Amino acid sequence: MEAGVGLALQSRAAGFGGSDRRRSALYGGEGRARIGSLRVAEPAVAKAAVWARGSKPVAPLRAKKSSGGHETLHNSVDEALLLKRKSEEVLFYLNGRCIYLVGMMGSGKSTVGKIMSEVLGYSFFDSDKLVEQAVGMPSVAQIFKVHSEAFFRDNESSVLRDLSSMKRLVVATGGGAVIRPVNWKYMKKGLGRSC
Ligand SMILES: Nc1ncnc2c1ncn2[C@@H]1O[C@H](COP(=O)(O)OP(=O)(O)O)[C@@H](O)[C@H]1O
Ligand SMILES: O=C(O)C1=C[C@@H](OP(=O)(O)O)[C@@H](O)[C@H](O)C1
């Protein structure tokens with residue numbers, strides 16, 4: 001998810017898309033990312049100018065040598081703040097539509113989802129937790145162990161089906177949810193529901 005945030009930022013810097021009005025609102029007209037500051041570990045990035053909101057570009061930031069020898073870029077930006085600003089920016093366009101976060105295990109879906117849901121005034125659901133509650137077991141690992149992965153996946157699909165009829169949700173899916181095509185059907189149905 002960190003890379004995802006970075007990508008989001010890169011796409012912001014490169015011109016995120018959308019109307020000119022929207023882009024100028026996001027980037028202050030210069031077509032550049034106007035962000036607070038950024039704390040992100042990006043592989044092998046030598047230098048970057050970070051445009052601080054409301055000021056001239058700050059001096060290019062020197063990459064720091066990390067133990068692995070790769071240069072990484074660390075800035076002092078609060079990703080949570082960045083996510084909050086991004087959520088505020090997209091809220092108008094969502095019109096109550098749900099947000100489904102997909103990604104590898106441990107990529108940050110739940111962490112990011114909770115932050116976004118607070119800003120958006122949406123309900124947050126972690127599909128893993130809903131499956132644990134539905135099955136009455138304390139963890140996904142236990143479900144895998146006592147029942148099976150297929151049993152878990154069946155319940156995961158049932159949870160996503162139920163969520164697909166709701167609105168104003170941020171849903172952090174399990175890393176393996178994307179394996180089943182039916183889950184994509186449910187997520188797309190959920191995305192299509194607006195206020
Ligand atoms: N942007 C981030 N920067 C650093 N650590 C993060 C970030 N997002 C999540 N984490 C950490 O990574 C781990 C997995 O995050 P989590 O949200 O549970 O991932 P997922 O829901 O995709 O499995 C947690 O320990 C969390 O604190
Ligand atoms: O990738 C996977 O197959 C899984 C990822 C986990 O979700 P997180 O991505 O929330 O860790 C959880 O659904 C289960 O352990 C299966």
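The values are calculated or read from the model by the stated rules, or taken from the named source; none is laboratory data. A quick note: this is a predicted structure, and the numbers were derived from the prediction, not measured. Note: ideal-geometry Cβ built from the backbone for every residue, glycine included; neighbour counts use all protein chains shown. Areas reflect the complete protein model, heavy atoms only, side chains present, ligands, DNA and RNA absent. Shrake-Rupley method; radii C 1.70, N 1.55, O 1.52, S 1.80 Å.
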*Hits in the stretch 145-177 (condition: surrounded by 15 or more Cβ atoms within 10 Å (Cβ to Cβ) and hydrophobic (A, V, I, L, M, F, W, C))*: F152, V159, L160, L163, L169, V170, V171, A172, A177
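K188 - would you say it is more than 16 Å from ligand 2 (Cβ to nearest atom) and surrounded by fewer than 19 Cβ atoms within 10 Å (Cβ to Cβ)?
yes
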*Between a first residue in the stretch 101-129 that is within 14 Å of E79 (Cβ to Cβ) and a second residue that is more than 7 Å from ligand 1 (Cβ to nearest atom) and of a type in the set (V, I, T), which pairs have beta carbons less than 6 Å apart while being 6 or more apart in sequence or on different chains?*
G113/V170; M116/V170
*Please work out which residue is least open to solvent (accessible area, probe 1.4 Å), limiting yourself to the stretch 111-144 and to residues that are away from ligand 1 (no atom under 16 Å from the Cβ) and of a type in the set (A, V, I, L, M, F, W, C).*
L120
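When the stretch 86-110 is examined, which residues are found to be within 16 Å of ligand 2 (Cβ to nearest atom) and surrounded by fewer than 16 Cβ atoms within 10 Å (Cβ to Cβ)? Please lay out each step first, then the result.
Going through the stretch 86-110, the residues within 16 Å of ligand 2 (Cβ to nearest atom) turn out to be 99-110.
The answer is M104, M105, G106.
Would you pick out the residues in the stretch 151-167 that are more than 16 Å from ligand 1 (Cβ to nearest atom) and farther than 14 Å from V182 by Cα?
Narrowing the stretch 151-167 to residues more than 16 Å from ligand 1 (Cβ to nearest atom): 151, 153-155, 157-158, 161-162, 164-167.
Selection gives F151, S165, M166, K167.
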